[in-house]
Amino acid sequence: MYSFYFGNLLLPVTPQKLQIKVKGANKTLTLVNEGEINFLRLPGLTEISFDAVLPMLGAYPFSGEFHRPDYYLSAFEKLMTERTPFQFIVSRVSPSGALLYDSNIKVSLEDYTVTEDATKGPDVTVALSLKQYVDWATKTVTVTKPTPESKPVVKEEKPRDTSTKPTAKTYTVKKGDCLWNIAKKYYGRGADYTKIYNANKDKIKNPNLIYVGQVLTIP
């Protein structure tokens, strides 16, 4: 079983195909009398693409509350207009309930194409293109005006350290899990399960009912 998440937004129908392209940035150079060489560089930004089906009438067997296509289309539009990067997560679980592996990458929504084909029913198909997002920051420099006795001095001001900024973890529910045990694992106290429940109310309707393959945010 596969589950696709745009941040905390679970896509209603698992896409049939997922394409992940890791772009190389190597450059071929031609040296005098030596011929071509391959100059190796760090890889470029990863690109992700797939088609998502948004059911109009809720005819597909998916978990969670049913939303019409406009609910998801509004979310996609908001990600682009507000220029908000988000975590793209693919959770993979075997038929027996064993966790296989997750894809978890910070991305931006580059573009999407909405298609409605009357010959294929009322459902809406959206072709989505994502690109890996890398956090970055500008540098500030101060230039000291030279005097007849001195040379100009350029001083770089280091950006504020954000290495201690708290980051949210994710946990994929496995067979036999409950919020109490998950809270005990992360916080040392099962009674703190309400922290996890409150952070995942969009996915958990009843704290006593969680399902294999759900990706929970651990605050």
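Worth pointing out:
- Hits in the range 85-102 (condition: among the aliphatic types (A, V, I, L, M) and modelled with pLDDT of 80 or more): 89, 90, 93
- Residue in the range 20-41 that is closer than 29 Å to residue 219 by Cβ and surrounded by fewer than 18 Cβ atoms within 10 Å (Cβ to Cβ) present: yes
- Selection count where residues are assigned to a loop (DSSP other than H, G, I, E, B) and farther than 27 Å from residue 2 by Cβ, scope the range 171-196: 2
- Meeting the requirement of 1 or more residues that are under 14 Å from the mean Cα position of the chain (by Cα), the strands (runs of 3 or more DSSP E) wholly within the range 20-111 are 47-54, 86-93.
- Top-ranked residue of the range 197-209 - restricted to ones that are outside any loop (DSSP other than H, G, I, E, B) and in contact with a Leu (Cβ under 9 Å, 6 or more places away or on another chain), ranked as farthest from residue 8 (Cα to Cα): 197
The values are calculated or read from the model by the stated rules, or taken from the named source; none is laboratory data. This one's a predicted model, so the numbers in the text were calculated from it and none came from an experiment. As a convention, Cβ positions derive from the backbone with ideal geometry for all residues, glycine included, and neighbour counts pool all protein chains shown.
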